[in-house]
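All remarks here apply to the structure that follows.
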Amino acid sequence: MELIRIRGVEKQYKNGVTAICNLDLSIKKGDFVFIIGSSGSGKSTLIKLLHREEKPNKGRIIIGGIDVAKLKNKKVYKLRRKLGVVFQDFKLLPRMTVYENVAFALEIFGLSKDEIRKKTIKALELVGLKNKVKQFPDQLSGGEQQRVAIARAIVNGPKLLLCDEPTGNLDPDTSFGIMKVLEVINKMGTTVVMATHDKEIVDKMKKRVILLEDGKLIKDYEKGTYSHEVA
Ligand code: ADP
């Protein structure tokens, strides 16, 4: 079943740069998809369009039945409830503990304290950080901070996890640890869309690979590698 349907999407920024050009793309529920391409090819823009940080100038983006481009600003929460986002720079709140950073993401849902605690601990367990609940972000390694960010993104059990260069600030070993976590989350049923230019990871994972160039979809391989696609 299709989770994401993109048809004829164009994104032009106010400075006239066309970052995404006539894009058609379908992503099935449960898929793990890499978005690759050189710097400036439109990877980040595509991720931003999917969580409505940016709006397309043309075309349609449907996620789980929600018409993302048409969604009114005050209804964006309906989309955001269905997805989690992970960034290269973690974006944790420095004055909150690990536990609070994750629990905070649940506050808008009106759950009881007990439910919040259960979900938060479960998410932190999944990323292997249950023993660090009381630490602050600056007391953690980069890999651990990214795990907290992943726990925060999935704590409400979203259908879709968007990742924008999640391993961009991490060394190779730590990056593979992060990929293992993302793979487990994917196997549990969450669709993962990850923008990256980390060759080693893409080659090792053998997932669907979508190559962008100048905002256009150039290649789409079911079990792709980076080296084959980017000459
Ligand atoms: P990537 O993630 O592949 O590096 P981006 O999506 O960040 O690519 O950028 C695609 C193109 O859009 C680039 O030419 C970039 O300079 C431009 N761009 C990105 N964000 C903005 C913005 N907020 N305003 C204007 N141009 C932008």
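The values are calculated or read from the model by the stated rules, or taken from the named source; none is laboratory data. Just so you know, these numbers come straight off a predicted model, no measurement behind them. Glycine also receives a Cβ, built like all others from the backbone with ideal geometry; neighbour counts cover every protein chain displayed. Heads up: the accessible areas ignore ligands, DNA and RNA and are worked out on the full protein's heavy atoms, side chains in. Shrake-Rupley method; radii C 1.70, N 1.55, O 1.52, S 1.80 Å.
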Using θ = phi - 60° and the Karplus relation 6.51 cos²θ - 1.76 cosθ + 1.60, list the HN-Hα couplings for segment 31-42 in order, rounded to whole Hz, with x at every Gly or Pro.
-> 5, 10, 10, 9, 9, 10, x, 5, 4, x, 7, x
Please give the net charge around Lys159, taking every other residue with its beta carbon less than 10 angstrom from that of Lys159, where Lys and Arg add +1 and Asp and Glu add -1.
-> +3
Karplus couplings for segment 14-24 from phi (6.51 cos²θ - 1.76 cosθ + 1.60, θ = phi - 60°), rounded to Hz, Gly and Pro as x?
-> 4, 7, x, 6, 8, 8, 9, 10, 6, 8, 10
Averaging over all projection directions, find the projected area of the Cα convex hull of segment 12-73 and quote it in nm² with one decimal place.
-> 4.8 nm²
Residue by residue through segment 212-217, which ³J(HN,Hα) values in whole Hz follow from phi under the Karplus form 6.51 cos²θ - 1.76 cosθ + 1.60 (θ = phi - 60°), with glycine and proline marked x?
-> 9, 9, 6, x, 10, 7
Whole-Å distance, taken between Cα centres, linking segment 142-167 and segment 76-107 = 8 Å
Just need the relative contact order of segment 1-128 here, percent rounded to a whole number, with Cα pairs under 8 Å and 6+ apart.
-> 21 percent
When the helices in the chain are scored as -39500 (n - 2.57) per DSSP H run of 4 or longer and the sum is shared across all residues, what 222 nm value do you end up with, to the nearest 500 deg cm²/dmol?
-> -9000 deg cm²/dmol
Remind me, relative contact order of the chain in percent, using alpha carbon pairs under 8 angstrom and six or more residues apart?
-> 27 percent
So, for the Cα atoms of segment 152-221, Rg and Dmax in Å stand at 12.6, 35
Mind listing the long-range amide H neighbours of Ala69? Cut-off is under 5 Å, sequence gap 5 or more, other chains count too, H placed in the peptide plane at 1.01 Å from N.
-> Ile61
Evaluate the charge dipole of the chain about its Cα centre and quote only its size in Debye, nearest 20, assuming +1 on the Cβ of each Lys and Arg and -1 on the Cβ of each Asp and Glu.
-> 1180 debye
Kirkwood hydrodynamic radius over Cα pairs of segment 78-231, then Stokes diffusion coefficient at 4 °C and 1.567 mPa s, in µm²/s = 80 µm²/s
Amide H proximity to Cys163 below 5 Å, modelled H, separation 5+ or other chain, gives Val86, Val193, Met194, Ala195
Provide the net charge surrounding Ile116, with neighbours chosen by a C-beta distance below 13 Å and charges set as Lys +1, Arg +1, Asp -1, Glu -1.
-> +2
Collect residues whose amide H, placed 1.01 Å from N in the peptide plane, falls under 5 Å from the amide H of Thr97; neighbours closer than 5 in sequence don't count.
-> none
Which of Lys119/Lys206; Lys58/Lys223; Lys180/Lys204; Lys48/Lys82; Lys82/Lys187; Lys82/Lys119 have a Cα-Cα distance over 21 Å?
-> Lys119/Lys206; Lys58/Lys223
For the Glu107, Asn22 Cβ pair and Förster radius 41 Å, calculated FRET efficiency rounded to 0.05 is 0.55
Send over a whole-number figure in Å² for the accessible area per residue of the chain, probe 1.4 Å.
-> 51 Å²
Once both axes come from the Cα atoms, what is the angle between helix 142-154 and the longest principal axis of the chain, in degrees from 0 to 90, rounded to 10?
-> 80 degrees
In the chain the accessible area split gives carbon plus sulfur, as whole percent at 1.4 Å, a share of 49 percent
Mean separation of Cα pairs under 8 Å and 6+ residues apart, divided by the residue count of segment 42-98: what relative contact order is that in percent?
-> 25 percent
